[in-house]
Amino acid sequence: MLAHPENNELFTPEQVLENRGRVAIFIDGSNLFYAALQLGIEIDYTKLLCRLTAGSRLLRSFFYTGVDPSNEKQQGFLLWMRRNGYRVISKELVQLPDGSKKANLDVEIAVDMMALVGSYDTAVLVSGDGDLAYAVDAVSYRGVRVEVVSLRSMTSDSLINVADRYIDLESIKEDIQKTPRHSNYTYRPLSSIGMIDDRSER
């Protein structure tokens, strides 16, 4: 039998990176926002892209988010994302009966993961949503290796169970957080309450 290292990982991080091949990144913007809120950090999306790619060949990095067309700050942020390595997939927010706004992009994430199978070797899914477990399992059976990156307290066990590797955002927060000198728009999903308005950032 193979001897397991003390940290219970079958392969070292270096061995994992060597075998990643071409990487495609799928980011659930709303899920990442709430994870960052729990961690008390603001995400630096340039650092995030570098950390998730980790020197591997990047096919494409997708960022999925609900949008409010009337929010100029958000539009500016998404324009910056498009010009700095991300393919933004957006859906207009729908107002719910309780007054909150929401846009669910699970279907878009799942379809893109499936449609691109054959073009990438490793999928990096930044989400803890258990609804994506079936899509992850499906691409795995088609030869794709899947890494799930999310905050453990917000990650479904069903998603972790079908992933080849799980990375807790807590363990990499120092590598992806924004430094104080950046004062650009901070991504907010606009899906919770009516707290997203033209108030200045904290």
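The values are calculated or read from the model by the stated rules, or taken from the named source; none is laboratory data. Keep in mind the model is a prediction, meaning the values are calculated, not measured. A quick note on method: Cβ atoms are made from the backbone with ideal geometry, for glycine too, and the neighbour counts reach across all protein chains shown. Accessible surface areas use protein heavy atoms only, side chains included; no ligands, DNA or RNA. Shrake-Rupley method; radii C 1.70, N 1.55, O 1.52, S 1.80 Å.
The alpha-carbon atoms of the stretch 20-146 define a convex hull whose volume equals 118 cubic angstrom per residue.
Looking at the stretch 22-124, the accessible area is 47 square angstrom per residue; that uses a 1.4 Å probe and ignores ligands, DNA and RNA. You can think of it this way: the chain between D137 and Y166 has 9.0 nm of extra reach, that is 0.36 nm per residue less the Cα-Cα gap. The candidates S56, S90, arranged from most to least accessible area with a 1.4 Å probe in the full protein assembly, appear as S90, S56.
Of the cross-linked pairs K73/K102; K73/K178; K101/K173; K47/K73, those separated by over 25 Å at the C-alpha level are K101/K173. Quickly work out the M114-to-E92 label distance, labels modelled 7 Å from Cα along the C-beta direction, and quote it in nm with one decimal. Roughly 2.6 nm, to one decimal.
The stretch between S100 and L79 holds 5.1 nm of extra length on full extension. This uses 0.36 nm per residue minus the Cα-Cα distance. Taking Cα centre as origin and charging only the Cβ of basic (Lys, Arg, +1) and acidic (Asp, Glu, -1) residues, the dipole magnitude of the stretch 75-131 rounds to 360 debye.
Packing, taken as the mean count of other beta carbons within 10 Å per residue, orders the peptides 66-77, 158-169 from highest to lowest as 158-169, 66-77. The amide H of K178, built 1.01 Å from its N in the peptide plane, has E42, I43, D44 as neighbours under 5 Å, considering only residues 5 or more places off or on other chains.
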